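Peer 1: Could you have a look at this structure, given as structure tokens, before my questions?
Nothing in this text is a laboratory measurement; each read-out follows from the coordinates by a stated rule. Keep in mind it's a predicted model, so treat the numbers as computed, not measured. Methodologically, a virtual Cβ is constructed for each residue, glycine included, from the backbone with ideal geometry; neighbour enumeration extends over all protein chains shown.
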Amino acid sequence: MMKSDLFLTHQMDKQETAEIYQQCLIRDFPPEEVKPLSEIHRLMEANRYDTLCFYEGETQVGYAFLFRSEAQELLLLDYLAVEPDWRGHGIGHRILSELKLRYAAYRGIFIECEDPSALPDQGEAMNRISFYLDAGARDTSVCLNLYDVVYKLFYLPCSDESTLPDAETLLSVYREMMTPENYRAHLKKITERSEPLL
């Protein structure tokens, strides 16, 4: 377990990841966004995927799952959530700050946010986008359809010098993460918007 000035970060093993998956992740994310646990374990076994738990003292306050692309020096933030009792206290921004420090050797972290225009209730999606923008993320103007969910991609640099990755670079990370069959079947389209979302 790694101690920082803010709180403790623990890198989970497969069993601990399974517990967080069953107890928290399924609770915190809609079913269409939850990938099979077997796929997470496959990436962990390949040493390409980190599952982190964050603690305030001995109390779990949040977690983050990330895919690492060594070839592109990028990370995909697959899941990030704060425990319900700790929401609204700045924990999410603190987790993002911890991730930037932990992965300082990488160019940055890119983030999927559901496209508000594709949802009947746009409020929650807009709030999520505002949260990442407030934390320093930048709109890549790239969107994609992944497993029939439309996402807009945002980028959180790990250093001031990091440039915004283009669509092809982001696609290459998905090609690394997904099996060829899933990539062909479930990443259906990608477009670049002419104007930023916000």
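Peer 1: Using Cα pairs under 8 angstrom and six or more residues apart, how large is the relative contact order of the chain, in percent?
Peer 2: 16
Peer 1: With θ taken as phi - 60° and the coefficients 6.51, -1.76 and 1.60, list the Karplus ³J(HN,Hα) couplings across region 98-106 in order, rounded to whole Hz; mark glycine and proline as x.
Peer 2: Calculated HN-Hα couplings, in order: 4, 5, 4, 6, 5, 10, 4, 6, 8 Hz.
Peer 1: What's the center-to-center distance, using Cα atoms, between region 139-185 and region 30-74 in Å?
Peer 2: The distance from the Cα centre of region 139-185 to that of region 30-74 comes to 16 Å.
Peer 1: Shifting gears a bit: To the nearest 0.05, how large is the calculated FRET efficiency for ALA185 and HIS89 if R₀ is 35 Å and r is the Cβ-Cβ distance?
Peer 2: Computed FRET efficiency for ALA185 and HIS89 comes out at 0.30.
Peer 1: Follow-up question, since we're still on this one. Positive end of the charge dipole of the chain (Lys, Arg +1 and Asp, Glu -1 on Cβ, about the Cα centre): tell me which of TYR132, HIS41, VAL82 has its Cα farthest that way.
Peer 2: HIS41
Peer 1: How big is the antiparallel share of DSSP beta bridges in the chain, given as a percent to the nearest 5?
Peer 2: 90
Peer 1: Mind telling me which of ARG68, ARG107, ARG128 comes out most flexible in a GNM of the chain, alpha-carbon contacts under 10 Å?
Peer 2: ARG128
Peer 1: If the reach is capped at under 29 angstrom between alpha carbons, list the lysines near LYS152, excluding any in the same chain fewer than eight residues apart.
Peer 2: Result set, ordered by chain and number: LYS35, LYS100, LYS188, LYS189.
Peer 1: GluC sites (Glu not before Pro), restricted to region 124-198: which are DSSP loop and have at most 11 other Cβ atoms within 10 Å?
Peer 2: Answer in residue order: GLU161.
Peer 1: Could you derive backbone 3J(HN,Hα) for region 10-25 from the dihedral phi with the Karplus parameters 6.51, -1.76 and 1.60 (θ = phi - 60°), listing whole Hz in sequence and x where the residue is Gly or Pro?
Peer 2: 10, 8, 8, 8, 5, 5, 5, 4, 4, 5, 5, 4, 6, 8, 10, 4
Peer 1: Using θ = phi - 60° and the Karplus form 6.51 cos²θ - 1.76 cosθ + 1.60, what ³J(HN,Hα) does each residue of region 38-55 get, whole Hz, x for Gly and Pro?
Peer 2: Per residue, the Karplus-derived 3J(HN,Hα) values read 4, 6, 4, 5, 4, 6, 5, 5, 7, 6, 10, 9, 10, 10, 10, 10, 10, 10 Hz.
Peer 1: By counting other Cβ atoms within 10 Å of each Cβ, how are MET177, MET126 ranked from fewest to most? Kindly include the intermediate steps, with their values, before the conclusion.
Peer 2: On the way: MET177 20, MET126 16.
With the fewest neighbours first, MET177, MET126 line up as MET126, MET177.
Peer 1: Ok, one more. Calculate, in nm to one decimal, what SER172 and HIS10 gain on full extension: separation in residues at 0.36 nm each, minus their alpha carbon distance.
Peer 2: Gain in length upon complete extension: 55.5 nm.
Peer 1: Quick one: which residues, 5+ away or cross-chain, put their amide H under 5 Å from the amide H of TYR79? H built at 1.01 Å from N.
Peer 2: PHE65
Peer 1: Only helical DSSP H runs with n ≥ 4 go in: add -39500 (n - 2.57) per run for the chain, normalise by residue count and round the 222 nm mean residue ellipticity to 500 deg cm²/dmol.
Peer 2: The per-residue figure over the chain is -8500 deg cm²/dmol.
Peer 1: Further, regarding this structure: Given the options LYS188, LYS100, LYS152, state which has the largest fluctuation in a GNM of the chain using a 10 Å cut-off (strictly under) for Cα springs.
Peer 2: Largest GNM mean-square fluctuation: LYS188.
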